[in-house]
Amino acid sequence: MTAPADLASSRDTLAGAALVHAACPHDCPDTCAIRVTVQGGRVVKLQGDPDHPPTHGALCTKVSRYMERIEHPDRVLTPLKRIGPKGRGEFAPVGWDEALDDIAARLRAIAACDAQAIAPYSYAGTMGFVQGEAMAGRFWNRLGASRLHRSICAEAGATGLELTYGATVGMHLEHFAESRLILIWGSNPITSSVHFWTFAQEAKRRGAKLIAIDPRRSETAEKCHQHLALRPGSDGALALGLMHELIVHDWLDPDYLERWVEGWPQLRERALQWPPQRAAAVCGLTVDEIQGLARDYGRTAPAAIRLNYGMQRVRGGGNAVRLIALLPCLVGAWRHRAGGLLLSASGWNKPLRNAQLQRPDLLAGRRPRSVNMANIGDTLLAEAGAPELGGGPRIEALVVYNSNPVAIAPDSARVAAGFAREDLFTVVLEHFRTDTADHADYVLPATMQLEHRDVHASYGHTWLLTNQPALPPRGLARSNAQIFRDLAARMGFDEPCFRDDDETLARQAFTDAVDAGALERDGWVKLAVPEAPFASGGFSTASGRARACGPDLPLPDFVPNHECAEADPALAARLPLAMISPPARHFLNSTFVNIASLQATEREPALELHPEDAAARGIADGDWVRVFNDRGDHLCLARVGHRARPGVVNGLGVWWRKLGRDGHNVNQLTHQKLTDLGEAPCFYDCLVEVQRAQAPAGAAA
């Protein structure tokens, strides 16, 4: 990496303008390379890098408005100290020294008794390695604070993929353009991965068939050749039904199975117990749909699956990913570079030095307990010694960065109640006064992506990217890494690693296998990943074979939802509608919700209903409705139409709670129960009922 003084030499200048290489920081598989043109201290152009193959010059609707975030009038630009009740968002500005001195004093006092009473809460507000967990990880390791199990998004699927392939690895993104059949499973790439969609469209123009598998008729599903609207949580049953048909029709690659799949005989026996009639009954599909899908998949090569994380946010999500990940092995799809599966490519990022960045050696032999971010509501309300706390002390202090848990965590009434504890000392590093920031004792202004240095990998493609600062920090904002450096100094942490600046951290992120000069010059470099990585086995398991089962690994199976008629018929009788909560098209989790142009497009929090379910409840398109269950209720606008399948409603998220008409969002209804693998949340495993409601005051007619 170049040092700050050399930054100008890494920019192309023309007519007084500087070209800066940046990377999109958000939780999206595309991880776009961005070209930023700066002139006179202002950004005059922001565009996708046309030379970066995955980005090919395009940015999504959200990130193309990035300057609206940076220049937003509500941005936090000075440290703030709470002066009113928690949750009211009443603050007074303070200086950095006063804020940091007080925070450090409070943390030292708590740590003197037990540092495990202090916990971090962070996720993917930035995916960068410097501003994510580099200096923050060092700080928490040195302190000995509680560990955080970062499970909120992908842990069930990641665990399932690792059990099957040995790592979170898959196809190259760009090779989907050569596929003859693409199953887009649990994914809406028009909203969540627009660059994959361009490759899928190229394949379609070349004659490929696109099939969407999704409970919701998404923007993507309606543009595919076929849409299979299965019930939420039934993906594992569908995979087993497909395996049954592949076996009985001999649409298999027996050589690949014998050489490269452990436990194939046992998996074969299980799959034969799932004829299409059984799978259809569980999935809410027709027998013809399952047989037709199996025929297409078994007789088309190369066939590719773009699996995404929506389908694993249910009780059986980990098992479902294991089963789906085995499908390419049955038909030998991995023999082709345009065949196989992509859920995550993060396991290819071997040149990353996470251990060096976060320095686990600073724990010095201590083994702090772990708390699960998916259970933060119950965890914050638990008394000392409770199971949620690992039998340890109550959480007395929480430092939140790169996340907005009061909005995005499940069972949000419990989350808000936990954050409202007057005896909980809370610090939030943020850009805006989010729902979580409103509950903070201190809000510390953080820089945005164009104002700091970072480096990135991707979980959707096989490229590394750099992010050069294009602008100075606005106001008094400091980078996440700098804030943790400042706190470390006040805590008396005198190890040399706490003096590493952001440039040094960026250099430490990668091994010498990465061409740092090319990364800085071009903005990106490609990882050395084989074109067809598993054409001859070579999976990341100990044996080099994909694993269906083994002495230490049971066979995958269909696992029904926590909340469904099979598991709890009485609950399903009272609450007959399944609810999923996919992201609204113009939001990314709770990011971009406060951008005026995007918020205006989404209008109001919305619930999609099928016409049959709406008619049975006397609900018309555009009515206000109350969606509810035993955990709470949420007021939103009904959108009646073809997006929802019968028996399922789609609560589009994730709005900030305070932007909802009733001060709630869709997570008022989700629960804190966990998945079969990975201890992840079950956002799409939820039963509700819906009734028509009066329009709230001030709502448009």
Nearest-0.05 FRET efficiency for Leu272 and Arg299, computed from C-beta distance (R0 25 Å):
0.80
Qualifying lysines (Cα of each under 18 Å from Cα of Lys204; at least 8 residues distant if same chain)
Lys223
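Just to be sure I understand: if I project the alpha-carbon convex hull of the stretch 121-218 onto a plane and average over all orientations, what area do I get in nm²?
On the way: hull surface 34.1 nm².
One quarter of the hull surface, i.e. the mean projection, equals 8.5 nm².
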Output ³J(HN,Hα) for the stretch 207-214: one whole-Hz value per residue in order, computed from phi by the Karplus curve 6.51 cos²θ - 1.76 cosθ + 1.60 with θ = phi - 60°, and x for Gly and Pro.
x, 6, 9, 10, 10, 9, 10, 6
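Using a cut-off of 11 Å between beta-carbons, work out the net charge of the residues near Ser540 (Lys and Arg +1, Asp and Glu -1, Ser540 not included). Before the final figure, lay out each step's value.
Values: positive: Lys350, Arg545, Arg547; negative: Glu162.
Once all neighbours under 11 Å are counted, the net charge is +2.
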In this structure, the FRET efficiency calculated for Ala17 and Ala518 from their beta-carbon separation, with R0 = 25 Å, to the nearest 0.05, is 0.60
What residues have an amide H closer than 5 Å to that of His562, excluding those fewer than 5 places away on the same chain, when H is modeled at 1.01 Å from N in the peptide plane?
Arg315
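Pull out a ≥ b ≥ c, the square roots of the eigenvalues of the alpha-carbon gyration tensor of the stretch 430-499, then state rounded if a/c is under 1.5, prolate if not and a/b is larger than b/c, and oblate in the remaining case. Kindly include the intermediate steps, with their values, before the conclusion.
On the way: a/c = 1.76, a/b = 1.22, b/c = 1.45.
Oblate is the answer for the stretch 430-499, as a/c is 1.5 or above yet b/c matches or exceeds a/b.
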Rounded, prolate or oblate: which fits the stretch 40-100, taking a ≥ b ≥ c as square roots of the Cα gyration tensor eigenvalues, rounded meaning a/c under 1.5, else prolate when a/b beats b/c?
prolate
Let's see if you can work this out: charge +1 on each Lys and Arg Cβ, -1 on each Asp and Glu Cβ, no other charges. What is the dipole magnitude of the stretch 160-247 about its Cα centre, in debye to the nearest 20?
320 debye
Under a straight-distance cross-link criterion of Cα-Cα below 21 Å, which lysines are reachable from Lys350, leaving out those fewer than 8 residues away in the same chain?
Lys526
Rounded to the nearest 5, what is the percent of antiparallel bridges among the DSSP beta bridges in the chain?
50 percent
Rank Gly263, Leu505, Asn665 by how far each Cα sits towards the positive end of the charge dipole of the chain (+1 on Lys, Arg Cβ; -1 on Asp, Glu Cβ) and give me just the farthest.
Asn665
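Could you provide, to the nearest whole Å², the per residue accessible area of the chain with probe 1.4 Å?
On the way: 24220 Å² over 701 residues.
Dividing the accessible area of the chain by its residue count gives 35 Å².
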Taking the Cβ of Ala457 as the centre, find all other residues whose Cβ is under 12 Å away and add up their charges (Lys, Arg: +1; Asp, Glu: -1).
+2
May I ask you to list the residues of the stretch 623-665 whose amide nitrogen lies under 15 Å from a point 7 Å from Cα along the Cα→beta-carbon direction of Ala413?
626-635, 662-665
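Which percent of the accessible heavy-atom area of the chain goes to carbon and sulfur, probe 1.4 angstrom? Write down the numbers at each step before the final one.
On the way: 12010 of 24220 Å².
Carbon-and-sulfur percentage of accessible area, whole number: 50.
Can you list the GluC sites (Glu not before Pro) in the stretch 565-668 that are in a DSSP coil and have 12 or fewer other beta carbons within 10 angstrom?
Values: sites: Glu566, Glu602, Glu608, Glu612; in loops: Glu566.
Here the sparse-neighbourhood loop sites are Glu566.
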Given the C-alpha centroids of the stretch 371-435 and the stretch 524-581, what is the distance between them in whole angstrom?
29 Å
Residues in the stretch 199-218 reached by a label modelled at His642 [backbone nitrogen below 19 Å; 7 Å Cα→Cβ]:
210-218
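Using heavy-atom solvent-accessible surface (probe 1.4 Å) with all chains present, what is the largest-first order of Lys62, Lys209? Mind showing how you got there, number by number?
Details: Lys62 10, Lys209 70 Å².
The most accessible residue leads, giving Lys209, Lys62.
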Non-local residues with an amide H under 5 Å from the amide H of Gly632, with H modelled 1.01 Å from N and Pro and chain starts lacking one, are none
Segment His249-Asp494, extension gain: residue separation times 0.36 nm, minus the distance between their alpha carbons
81.5 nm
With only helices counted (DSSP H, runs n ≥ 4, each -39500 (n - 2.57)), the per-residue ellipticity at 222 nm for the chain, to the nearest 500, works out to -7500 deg cm²/dmol
Cα gyration tensor, the stretch 501-606 - rounded (a/c under 1.5), prolate or oblate:
oblate
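Residue separation times 0.36 nm, minus the C-alpha to C-alpha distance between Glu689 and His225: what's the value? Please list the in-between numbers first.
On the way: separation 464, 0.36 × 464 = 167.04 nm, distance 3.24 nm.
Here the answer is 163.8 nm.
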Normalised by the number of residues in the chain, what is the relative contact order in percent for Cα pairs under 8 Å and 6+ residues apart?
20 percent
Straight-distance crosslink candidates among lysines, where the alpha carbon sits under 26 Å from Lys673 and sequence neighbours closer than 8 are dropped:
Lys658
For the stretch 273-338 and the stretch 38-77, compute the distance between their C-alpha centroids and round to whole Å.
38 Å
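If you count, for each residue, the other Cβ atoms within 10 Å and average over each peptide, how do 394-407, 634-647 line up from highest to lowest?
Numbers: 394-407: 25.2, 634-647: 20.7.
Ranking, from highest mean packing down: 394-407, 634-647.
About its Cα centre, how strong a charge dipole does the chain have in debye, to the nearest 20, once Lys and Arg get +1 and Asp and Glu get -1 at the Cβ? Walk me through the numbers on the way to the answer.
Numbers: 74 positive and 80 negative charges, 114 e Å.
Once rounded to the nearest 20, the dipole reads 540 debye.
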Putting +1 on Lys and Arg Cβ atoms and -1 on Asp and Glu Cβ atoms, find which of Gln226, Pro215, Leu307 reaches farthest to the positive end of the dipole of the stretch 194-333.
Pro215
Gain in length, Glu98 to Ala384, computed as 0.36 nm per residue apart minus the alpha-carbon separation, to one decimal in nm?
99.9 nm
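Find the Rg to Rh ratio for the stretch 334-481, where Rh is the Kirkwood radius over alpha-carbon pairs and Rg uses the same atoms. Walk me through the numbers before you get to the answer.
Working: Rg = 19.2 Å, Rh = 18.5 Å.
In the stretch 334-481, Rg relative to Rh is 1.04.
Restricting to the stretch 381-473, compute how many DSSP beta bridges are antiparallel as a %, nearest 5. Please list the in-between numbers first.
Numbers: 3 of 12 bridges.
Counting only bridges with both partners in the stretch 381-473, antiparallel ones make up about 25 percent.
Relative contact order for the stretch 31-95 using alpha-carbon pairs under 8 Å, separation at least 6, rounded to a whole percent?
That works out to 18 percent.
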So for Ser597, Ser146, Ser370, what's the accessible-area order with a 1.4 Å probe, most first?
Ser370, Ser597, Ser146
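The values are calculated or read from the model by the stated rules, or taken from the named source; none is laboratory data. None of these values were measured; they are calculated from a predicted model. Positions of Cβ are backbone-derived with ideal geometry, glycine not excepted, and every protein chain shown enters the neighbour counts. These accessible areas exclude ligands, DNA and RNA; they are computed on the full protein's heavy atoms, side chains included. Shrake-Rupley method; radii C 1.70, N 1.55, O 1.52, S 1.80 Å.
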